[in-house]
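Asks: I'd like to ask you about the structure that follows.
The values are calculated or read from the model by the stated rules, or taken from the named source; none is laboratory data. On a predicted model such as this, the values are computed, not experimentally measured, just so you know. Cβ sites come from the backbone with ideal geometry, for glycine too, and all protein chains shown count toward neighbours.
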């Protein structure tokens, strides 16, 4: 039936949005943790280097301590450069924004199914709304290309879905994201 297939398409779009939301929130969490670790490393190294330089002003220190100070100074600068280059502070909010857009799309899919189930939308209206939602999903997917996720983000999203963290039917998922 056309009715069943349209509703199945709506369910798959909802599942895609659920999966996209989860993987981008996972990526945001990962990038925030990485930013904190790098920042703490930089601060700790700078404190150690500053302390070593302060000790140099007070008295002579062993030659090895000077080399350690020089190495830590170089390491702090390298970590700062890496942190700036990878842009974790900017990427995490971007992933959250993409995840939020997927969440909004998913909720609108749920409302559309409810409207149909309650007889408030006929099949023509459902099809029109589904097309608009699908175009929006395409736009979100295109914007998400600038914020790639990794295999761990995807695996965590699959595990969360499979564990029942969110509700879905097997027909909605259609096997798309249940794989290894």
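Asks: So residue 165 passes all but one of these: (1) part of a loop (DSSP other than H, G, I, E, B); (2) modelled with pLDDT of 90 or more; (3) loosely packed, with under 13 Cβ neighbours inside 10 Å. Which condition number does it fail?
Replies: Here residue 165 meets the rest and fails (2).
Asks: Could you figure out which of (1) more than 18 Å from residue 14 (Cβ to Cβ); (2) without any contact (Cβ under 8 Å) to a residue 40 or more places away in the chain; (3) buried (at least 17 other Cβ atoms within 10 Å of the Cβ) isn't true of residue 129?
Replies: Answer for residue 129: the failing condition is (1).
Asks: Can I ask one more? Checking residue 77 against (1) over 30 Å from residue 21 (Cβ atoms); (2) buried (at least 16 other Cβ atoms within 10 Å of the Cβ); (3) within 31 Å of the chain's Cα centre (by Cα): exactly one of these is not met. Which one?
Replies: (2)
Asks: Within the bounds of the stretch 81-97, is there any residue that is modelled with pLDDT of 90 or more, over 19 Å from residue 36 (Cβ atoms) and more than 12 Å from the chain's Cα centre (by Cα)?
Replies: No: the stretch 81-97 contains no residue that is modelled with pLDDT of 90 or more, over 19 Å from residue 36 (Cβ atoms) and more than 12 Å from the chain's Cα centre (by Cα).
Asks: Looking only at residues in the stretch 107-146 that are in a loop (DSSP other than H, G, I, E, B) and out of contact with any helix residue (DSSP H, G or I) (no Cβ under 7 Å at 6 or more places or on another chain), which one is nearest to residue 87 (Cα to Cα)?
Replies: Taking the stretch 107-146 first, the residues in a loop (DSSP other than H, G, I, E, B) are 118-122, 145-146.
So of that shortlist, the ones also out of contact with any helix residue (DSSP H, G or I) (no Cβ under 7 Å at 6 or more places or on another chain) come out as 118-120, 122, 145-146.
On the way: 118: 47, 119: 48, 120: 46, 122: 47, 145: 16, 146: 12 Å.
Among those that are in a loop (DSSP other than H, G, I, E, B) and out of contact with any helix residue (DSSP H, G or I) (no Cβ under 7 Å at 6 or more places or on another chain), it is 146.
Asks: Report yes if some residue within the stretch 135-145 is surrounded by 14 or more Cβ atoms within 10 Å (Cβ to Cβ), farther than 15 Å from residue 19 by Cα and at pLDDT 95 or above; otherwise report no.
Replies: yes
Asks: Further, regarding this structure: Among the residues of the stretch 11-33, are any closer than 30 Å to residue 68 by Cα, surrounded by fewer than 17 Cβ atoms within 10 Å (Cβ to Cβ) and within 26 Å of the chain's Cα centre (by Cα)?
Replies: There is at least one residue in the stretch 11-33 that is closer than 30 Å to residue 68 by Cα, surrounded by fewer than 17 Cβ atoms within 10 Å (Cβ to Cβ) and within 26 Å of the chain's Cα centre (by Cα).
Asks: Let me ask something additional. What single numbered condition from (1) free of Cβ contacts under 8 Å to residues at least 12 places away in the same chain; (2) outside any helix (DSSP H, G or I) fails to hold for residue 149?
Replies: Condition not satisfied by residue 149: (1).
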